[in-house]
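The values are calculated or read from the model by the stated rules, or taken from the named source; none is laboratory data. Please read all numbers here as calculations on a predicted model, not as lab measurements. In this analysis, Cβ positions are derived from the backbone assuming ideal geometry, glycine residues included, and neighbour counts consider all displayed protein chains. What goes into the accessible areas is simple: the full protein's heavy atoms, side chains included, and nothing from ligands, DNA or RNA. Shrake-Rupley method; radii C 1.70, N 1.55, O 1.52, S 1.80 Å.
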Amino acid sequence: MQINAVSAQEWEAARQKLLVKEKELTRARDALAAERRRMPWLPVEKSYTFDTPTGKASLADLFDGRRQLIVYRAFFEPGVHGWPDQACRGCSMVADQVAHLSHLNARDTTLVFASRAPQADISRLKARMEWDIPWVTVTDSFDADFDVGEWHGTNVFIRDSSKIYRTYFVKSRGDEQMGSTWNYLDITPLGRQEVWEDSPEGYPQTPTYKWWNWHDSYVEGAAPDKRWVEVSDAGEAAFRKQSESAKP
């Protein structure tokens with residue numbers, strides 16, 4: 001292995017050069033997320049039924065009372081490598097990296113995994129792997145209709161009154177970005193719902209960072225914690241000051 005050892009000054013210069021490109025990537029990613037929030041909505045006209053731990057459920061039921069729904073098609077079923085002891089290795093890696101769901105729920109968003117395995121097998125796998133993700137069984141043409149019949153993928157839906165719309169779809173290496181609350185929210189039509197985002201007029205937005213909470217402390221309708229507001233404001237101000245002073 002060739003080692004490129006340099007002085008502290010040379011290392012910092014190299015880091016600052018790379019940081020310019022990294023900031024460009026961040027801004028490009030934010031712009032792409034803003035474009036996602038302006039994607040047209042496709043009405044879902046068919047009815048779908050899923051098996052759940054508590055019985056049959058419709059697509060509307062999977063929202064669990066929230067406005068947005070993310071459905072990841074995970075391959076765990078006969079014919080998949082590892083069956084019946086394991087799910088697909090890639091899908092299992094995605095499941096391993098899902099953040100605590102209370103953070104998504106706090107932004108009116110539900111995440112669900114869907115497979116064709118029976119619920120008894122899904123429950124056994126979840127218990128063994130210590131996964132808490134809601135995981136349903138596909139019983140009809142849902143997977144084929146939403147482009148995940150033969151490959152994994154992530155579909156996003158939103159409810160407007162009694163109507164359901166498909167708003168986004170990503171598959172293949174696009175699924176690599178999944179696994180954190182922010183990345184999941186970035187593929188939804190409402191986004192992170194923070195005031196800095198470039199969202200269409202009328203979209204729900206709250207002060208940046210202020211909605212964050214410990215995963216066992218979210219209370220619906222509660223005002224942001226006063227102390228956390230002070231801490232996050234101070235941290236953001238310090239970051240802005242540092243960024244300004246670093247400019248040439």
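One residue alone among 172, 180, 162 is farther than 27 Å from residue 77 by Cα, of a type outside the set (Lys, Arg) and open to solvent by 10 Å² or more (accessible area, probe 1.4 Å), and that residue is 162. Condition check: closer than 21 Å to residue 191 by Cα, at pLDDT 95 or above and not in a helix (DSSP H, G or I). Does residue 27 satisfy that? When the stated conditions are applied, residue 27 does not pass them. So which residues in region 30-58 are aliphatic (A, V, I, L, M) and open to solvent by less than 50 Å² (accessible area, probe 1.4 Å)? 33, 34, 44, 57, listed by residue number.
Filtering region 72-97 to residues that are open to solvent by less than 30 Å² (accessible area, probe 1.4 Å), under 22 Å from residue 215 (Cβ atoms) and hydrophobic (A, V, I, L, M, F, W, C) leaves 94, 95. In region 147-159, the count of residues that are modelled with pLDDT under 95, within 21 Å of residue 38 (Cβ to Cβ) and either polar (S, T, N, Q) or buried (at least 19 other Cβ atoms within 10 Å of the Cβ) (or both) is zero. Taking the criterion of being of a type in the set (Lys, Arg) and closer than 30 Å to residue 19 by Cα, the residues of region 192-248 that qualify are 192, 210, 240, 241, 247. Of everything in region 102-111 that's open to solvent by less than 10 Å² (accessible area, probe 1.4 Å) and of a type outside the set (Ser, Thr, Tyr), which residue is nearest to residue 49 (Cα to Cα)? Among them, the one singled out is 111. Of all the residues in region 188-216, those that are within 24 Å of residue 97 (Cα to Cα), at pLDDT 95 or above and of a type in the set (A, V, I, L, M, F, W, C) number 1.
Residue-level analysis places residue 9 among those that are part of a helix (DSSP H, G or I) and open to solvent by 100 Å² or more (accessible area, probe 1.4 Å). For region 112-142, a tally of residues being open to solvent by less than 40 Å² (accessible area, probe 1.4 Å), in contact (Cβ under 8 Å) with a residue 60 or more places away in the chain and not small (Gly, Ala, Ser) returns 6. Has region 238-246 got any residue that is exposed (fewer than 12 other Cβ atoms within 10 Å of the Cβ), among the basic types (Lys, Arg), at pLDDT 85 or above and over 19 Å from residue 185 (Cβ atoms)? Within region 238-246, none of the residues are exposed (fewer than 12 other Cβ atoms within 10 Å of the Cβ), among the basic types (Lys, Arg), at pLDDT 85 or above and over 19 Å from residue 185 (Cβ atoms).
When region 183-227 is filtered for residues that are without any contact (Cβ under 8 Å) to a residue 60 or more places away in the chain, open to solvent by 50 Å² or more (accessible area, probe 1.4 Å) and of a type in the set (D, E, K, R), the ones remaining, listed by number, are 201, 220, 225, 226, 227.
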